[in-house]
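The values are calculated or read from the model by the stated rules, or taken from the named source; none is laboratory data. None of these values were measured; they are calculated from a predicted model. Heads up, the Cβs are rebuilt from the backbone with ideal geometry, glycines too, and the neighbour counts pull from every protein chain shown. Remember, those area values only see protein heavy atoms, side chains included, never the ligands or the DNA or RNA. Shrake-Rupley method; radii C 1.70, N 1.55, O 1.52, S 1.80 Å.
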Amino acid sequence: MSVFDALVGQPEAVETLSLAAATAGAIVRGEGDDVGSAGGMTHAWLFSGPAGSGRSVAARAFAAALECADAGCGHCQACHNALTGTHADVRMVVPEGVVGLTISVAEMRALVLRAQSAPTMGRWQVLIVEDADRLTEQAGNALLKAIEEPPPRTVFLLCAPSTHPDDVSVTIRSRCRLVPLRQPSAEAVASVLMDRDGTDSERAAWAAAAAQGHVGRARRLANDPQARSRRDAVLAIPRRLTGIGACFDAASALIAAAEAEADAISLERDVHERSELETALGAGGTGKGAAGAVRGSAGILKDLERRQKSRSTRAQRDALDRALIDLAGFYRDVLIRRFEAPVALVHDDAAEASSSAAQKWSAESALRRLQAILACREAIEVNVKPRIAVEAMMLALWQG
């Protein structure tokens, strides 16, 4: 067992990170040089790869391996705490804000300030920045200063998509060791579903292909009937676009489905977080001063609600983007059918619908529809209101 077992289809990355973690352990024991010694250990790392490749999974696993006395055994308390996000010396920063979904300079300055302190319980102070491509310019400058003058026993782990590498400033990238991740193969994802979840081989193979290499998405498709229903509704959209009214109805349905998926993912976590925080603040206590402590915690609970709302908005956009990827896969299948290309279909269970569409549409029309979906994704990325972007896309899909 290893903390890197959760990193699917990334043997090169696992080898690199395992060697670096072993070197880090030697440094802690005084058997090696400081950070930057042989073995590839350094103070700043950049995990880059497409959506679903496991960037944050790799960062968390590496953080656990750095804190573990056995370089990531996977069963000790340090590994467990790091992987579950409760380790005192592992801090993760994600984009904040309902509209911009960016990492602010204030939060980055707080992170840099924390980086100056020594580890309190573990072996390293590990700071993980998810979606480092969403750093504002000021936040990037604050982070750059910390990376240029790294404190001892502090490691920065940055995550960014490979589709837009230039969104991370070249000065930051040049000071990080790059860990490229690739999209896991359908076979690797199916193997994970069978070995870890006990999914039967036929359903695992279908879910892995439908998820297009996204492990979390494949797991939901394999185990959640509602997730499969939402996907079926997305793939039915091309047949529903019979007029302008139908386009707006389809847009509303797609937005609602994304919100439902995000709520399903976030609700349980949000309730658990609030319950744990209330307990920590004295809820349910009967001792002297317990009631006053709870009343004085309103600001802390409100801050938690704000962060949960921000995370929910981000989850909704991620769910919408996955739906758009499913829809794009359908039009890709249409092009494959049109040209009779010897390539596997993304949505094999919708083969009849894509074959029928290929007989009715020209290749240029199918390509224009595919480009409309890609344009919608790009518009949402630059903060166009999702409903406006999706409605415009639906009209383009109807017109062809």
Worksheet item: Karplus couplings for the range 50-64 from phi (6.51 cos²θ - 1.76 cosθ + 1.60, θ = phi - 60°), rounded to Hz, Gly and Pro as x?
Response: x, 4, x, 6, x, 4, 5, 4, 5, 5, 5, 4, 5, 4, 5
Discussion item. Per 0.36 nm of contour for each residue apart, how much would the distance between SER117 and ALA341 grow if the chain were fully extended, relative to their Cα-Cα spacing?
Written reply: 74.9 nm
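What ranking, highest mean first, results for peptides 251-262, 44-55 when packing means the other Cβ atoms within 10 Å averaged over each residue?
44-55, 251-262
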Item to complete: Could you pull the accessible area for ARG230 with a 1.4 Å probe, rounded to 10 Å²?
Response: 40 Å²
Discussion item. What figure, in Å² to the nearest 10, do you get for the accessible area of LYS145 with a 1.4 Å probe and non-protein molecules left out?
Written reply: 120 Å²
Worksheet item: Pulled fully out, how much extra length does the chain show between LYS360 and ASP200, if you take 0.36 nm times their separation in residues and subtract their Cα-Cα distance?
Response: 53.9 nm
Worksheet item: What accessible area per residue comes out for the range 107-197, rounded to a whole number of Å², with a 1.4 Å probe?
Response: 49 Å²
Worksheet entry | 5 angstrom amide H check on ILE128, placed H, neighbours 5+ away | ARG91, MET92, VAL93, LEU157
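Give me the percent relative contact order of the range 333-392, please, defined on Cα pairs under 8 angstrom at least 6 residues apart. Intermediate values should be presented prior to the final figure.
Working: 32 pairs, mean separation 17.8, N = 60.
Relative contact order here is 30 percent.
Roughly how many percent of the accessible protein surface of the range 342-394 is carbon and sulfur, given a 1.4 Å probe and a whole-percent answer? Write down the numbers at each step before the final one.
Numbers: 1600 of 2950 Å².
Reported share for carbon and sulfur atoms: 54 percent.
Using a 1.4 angstrom probe with every protein chain in place, what is the largest-first accessible-area order of SER18, SER312? Walk me through the numbers on the way to the answer.
Numbers: SER18 45, SER312 25 Å².
The ordering from most to least exposed comes out as SER18, SER312.
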